[in-house]
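Participant: So that we are looking at the same thing, I have put the structure below in structure tokens.
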């Protein structure tokens, strides 16, 4: 009998995790989930993060060294940045159009605002987001370029938060391999080629546990979701965000169909394991190894394109997060009677675009960006905590949704760039047990 496809297994695990989580809520089993279920999901995410840096390093070096022509790398880089900027602007615009049309903030009662403020305004996580935003705003204009260049290669490779430094190191090393000549470069190139194959096989092995891991992750999300009444109070706002994210997915499918001439349903089917993992983990960085494997082996994007586009996208392309910020900023302004002019909304577009470039690909980074966006339009500092408290109750489930959109956008752009560069071919997938008979 044919084995069930991976995306169906993951979907079943997700549904089972949500169901189990609600059952545990009814029987007061939150401690059981935290002690015995949550660690399974935590281990899975740590395994994905474990291989993220080696995969980016090996994949990007291999991709650049295979180009044979540095000008092709410049062409890929320029197309990638331009398309990412355009899709982010479109995402922010969709969010602003929806929130200004539907006005979800107008329906929030003063009682709900008071209850949310009392529950979350002094929350340590909310205060931490405000403090982190202040630190980011204090940086100088070119600090992000300074931060991209590592002063210690081993330090950069040992910290998943320094992904841009890893990309810089890999690009520098890959270009240098091209310049020393094929004979001198061959031993090191062979090493990274082999490392890339081994790490991709590690992705296959880790994915065997994905259905069980997402069960654990979502069960924990449900039991730690907070007061259900507050979640219901923000249902309209959440619906506007999810509706905007759905429109963004539709926009990606149109791009895939029109530009790459591939079936959009086929595209969704091939990328769905990465989407479901992004939804479960709320981290495009943790999902990156799986995204790269799906894009290269199942969508047919050449490694020299995917190895650059996807790591860069996981760092700077936050379409879902930017759309969420546009909706959240206007929603908070509507709920707290803070008038936004047309110029203010243009400022939101620009600030959300710039903030997305510097946002970390980790859970909760969107709220840090939101603080920066709100302050850019002159939102009162004394009301920032109240504004974040308004949306904090539903931030985690919305974070899961917007991360899924971020990953879908990365995959879409990689296909578009590959099509423009003539690097989109027929997929050739590999399985975890392709060479099993050789070792048993």
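Participant: Please go through the stretch 148-157 and give me each residue that is at pLDDT 90 or above, surrounded by fewer than 19 Cβ atoms within 10 Å (Cβ to Cβ) and either closer than 15 Å to residue 311 by Cβ or in contact with a helix residue (DSSP H, G or I) (Cβ under 8 Å, 6 or more places away or on another chain) (or both), ordered by number. Give the steps one after another, and end with the answer.
Facilitator: The first filter runs over the stretch 148-157 and keeps only residues at pLDDT 90 or above, leaving 149-157.
This time we only want the ones that are surrounded by fewer than 19 Cβ atoms within 10 Å (Cβ to Cβ), so: 149-155, 157.
Of everything in the stretch 148-157, those that are at pLDDT 90 or above, surrounded by fewer than 19 Cβ atoms within 10 Å (Cβ to Cβ) and either closer than 15 Å to residue 311 by Cβ or in contact with a helix residue (DSSP H, G or I) (Cβ under 8 Å, 6 or more places away or on another chain) (or both) turn out to be 149, 150, 153, 155, 157.
Participant: Do we have residue 162 as surrounded by 14 or more Cβ atoms within 10 Å (Cβ to Cβ), at pLDDT below 95 and under 15 Å from residue 62 (Cβ atoms) here?
Facilitator: Values: surrounded by 14 or more Cβ atoms within 10 Å (Cβ to Cβ): yes; at pLDDT below 95: yes; under 15 Å from residue 62 (Cβ atoms): no.
No.
Participant: Would you mind stating whether residue 133 is at pLDDT 85 or above, surrounded by 14 or more Cβ atoms within 10 Å (Cβ to Cβ) and under 28 Å from residue 346 (Cβ atoms)?
Facilitator: No; evaluated as a whole, the condition is false for this residue.
Participant: In the stretch 233-247, which residues are within 19 Å of the chain's Cα centre (by Cα) and more than 15 Å from residue 399 (Cα to Cα)? Explain how you work it out, then say what you get.
Facilitator: Our first condition is that a residue be within 19 Å of the chain's Cα centre (by Cα); within the stretch 233-247, this holds for 238, 241-247.
Result: 247, single match.
Participant: What do you reckon, is residue 415 modelled with pLDDT of 90 or more, assigned to a helix (DSSP H, G or I), in contact with a strand residue (DSSP E or B) (Cβ under 8 Å, 6 or more places away or on another chain) and buried (at least 20 other Cβ atoms within 10 Å of the Cβ)? So that I can check it myself, show each step before the final result.
Facilitator: On the way: modelled with pLDDT of 90 or more: yes; assigned to a helix (DSSP H, G or I): yes; in contact with a strand residue (DSSP E or B) (Cβ under 8 Å, 6 or more places away or on another chain): yes; buried (at least 20 other Cβ atoms within 10 Å of the Cβ): yes.
Yes; evaluated as a whole, the condition is true for this residue.
Participant: Still on this structure: Can you find even one residue in the stretch 424-435 that is crowded, with 23+ Cβ neighbours inside 10 Å and either more than 30 Å from residue 74 (Cβ to Cβ) or in contact with a strand residue (DSSP E or B) (Cβ under 8 Å, 6 or more places away or on another chain) (or both)?
Facilitator: Step one: of the stretch 424-435, the residues crowded, with 23+ Cβ neighbours inside 10 Å are none.
No; the residues of the stretch 424-435 include none that is crowded, with 23+ Cβ neighbours inside 10 Å and either more than 30 Å from residue 74 (Cβ to Cβ) or in contact with a strand residue (DSSP E or B) (Cβ under 8 Å, 6 or more places away or on another chain) (or both).
Participant: If a residue must be closer than 29 Å to residue 37 by Cα and buried (at least 16 other Cβ atoms within 10 Å of the Cβ), how many such residues does the stretch 188-208 contain?
Facilitator: Step one: of the stretch 188-208, the residues closer than 29 Å to residue 37 by Cα are 199-208.
Next, only the ones that are buried (at least 16 other Cβ atoms within 10 Å of the Cβ) stay: 199-204, 206-207.
So the answer is 8.
Participant: I've got another one for you. In the stretch 388-412, what count of residues is obtained for those that are at pLDDT below 90 and either part of a loop (DSSP other than H, G, I, E, B) or within 16 Å of residue 266 (Cβ to Cβ) (or both)?
Facilitator: Residues in the stretch 388-412 being at pLDDT below 90 and either part of a loop (DSSP other than H, G, I, E, B) or within 16 Å of residue 266 (Cβ to Cβ) (or both): 2 in total.
Participant: Residue under question is residue 385, and the condition is that it be modelled with pLDDT of 90 or more and crowded, with 19+ Cβ neighbours inside 10 Å; does it hold? Working first, answer last.
Facilitator: Details: modelled with pLDDT of 90 or more: no; crowded, with 19+ Cβ neighbours inside 10 Å: yes.
Judged against the criteria, residue 385 is not a match.
Participant: Against the definition (touching a residue at least 60 places away in the same chain (Cβ under 8 Å), part of a loop (DSSP other than H, G, I, E, B), more than 11 Å from residue 406 (Cβ to Cβ) and in contact with a helix residue (DSSP H, G or I) (Cβ under 8 Å, 6 or more places away or on another chain)), how does residue 262 come out, yes or no?
Facilitator: Values: touching a residue at least 60 places away in the same chain (Cβ under 8 Å): yes; part of a loop (DSSP other than H, G, I, E, B): yes; more than 11 Å from residue 406 (Cβ to Cβ): yes; in contact with a helix residue (DSSP H, G or I) (Cβ under 8 Å, 6 or more places away or on another chain): yes.
So residue 262 passes the test.
Participant: Mind telling me which of the residues 305, 290, 330 ends up being under 22 Å from residue 67 (Cβ atoms) and crowded, with 24+ Cβ neighbours inside 10 Å? Don't jump to the end; show me each part of the working.
Facilitator: On the way: 290 fails: under 22 Å from residue 67 (Cβ atoms); 330 fails: under 22 Å from residue 67 (Cβ atoms).
Just a single option satisfies the conditions, and that option is 305.
Participant: So which helices (runs of 4 or more DSSP H) stay within the stretch 267-363 end to end and still have 1 or more residues that are farther than 17 Å from residue 410 by Cα and in contact (Cβ under 8 Å) with a residue 40 or more places away in the chain? Explain how you work it out, then say what you get.
Facilitator: Working: elements: 284-298, 303-316, 319-335, 342-358.
In the stretch 267-363, the matching helices (runs of 4 or more DSSP H) lie at 319-335, 342-358.
Participant: Here's another thing I want to ask about it. Do you know which residues across the stretch 374-383 are farther than 17 Å from residue 114 by Cβ and assigned to a helix (DSSP H, G or I)? Outline the logic, then answer.
Facilitator: Taking the stretch 374-383 and keeping what is farther than 17 Å from residue 114 by Cβ, we get 374-381.
Matches in the stretch 374-383: 374, 375, 376, 381.
Participant: Additional query: Please tell me if residue 204 is more than 22 Å from residue 371 (Cβ to Cβ), at pLDDT 85 or above and outside any helix (DSSP H, G or I).
Facilitator: No, not satisfied.
Participant: Still on this model: Which of the residues belonging to the stretch 389-440 are out of contact with any helix residue (DSSP H, G or I) (no Cβ under 8 Å at 6 or more places or on another chain) and touching a residue at least 60 places away in the same chain (Cβ under 8 Å)? I'd like the intermediate steps shown before the answer.
Facilitator: Taking the stretch 389-440 first, the residues out of contact with any helix residue (DSSP H, G or I) (no Cβ under 8 Å at 6 or more places or on another chain) are 422, 425-426, 433-440.
Across the stretch 389-440, the qualifying residues are 425, 426.
Participant: Only one of 215, 144 is modelled with pLDDT of 95 or more and in a helix (DSSP H, G or I); which?
Facilitator: Working: 144 fails: modelled with pLDDT of 95 or more.
Exactly one residue qualifies, and that residue is 215.
Participant: Would you confirm whether or not the stretch 165-182 contains a residue that is outside any helix (DSSP H, G or I) and either touching a residue at least 24 places away in the same chain (Cβ under 8 Å) or over 24 Å from the mean Cα position of the chain (by Cα) (or both)? Walk me through it before giving the result.
Facilitator: Of the residues in the stretch 165-182, the ones outside any helix (DSSP H, G or I) are 180-181.
If we keep only those that are either touching a residue at least 24 places away in the same chain (Cβ under 8 Å) or over 24 Å from the mean Cα position of the chain (by Cα) (or both) too, we end up with 180-181.
Yes, the stretch 165-182 contains at least one residue that is outside any helix (DSSP H, G or I) and either touching a residue at least 24 places away in the same chain (Cβ under 8 Å) or over 24 Å from the mean Cα position of the chain (by Cα) (or both).
The values are calculated or read from the model by the stated rules, or taken from the named source; none is laboratory data. Note that the structure is predicted; figures quoted are calculated from it, not measured. We place every Cβ from the backbone using ideal geometry, glycine too, and count neighbours over all the protein chains shown.
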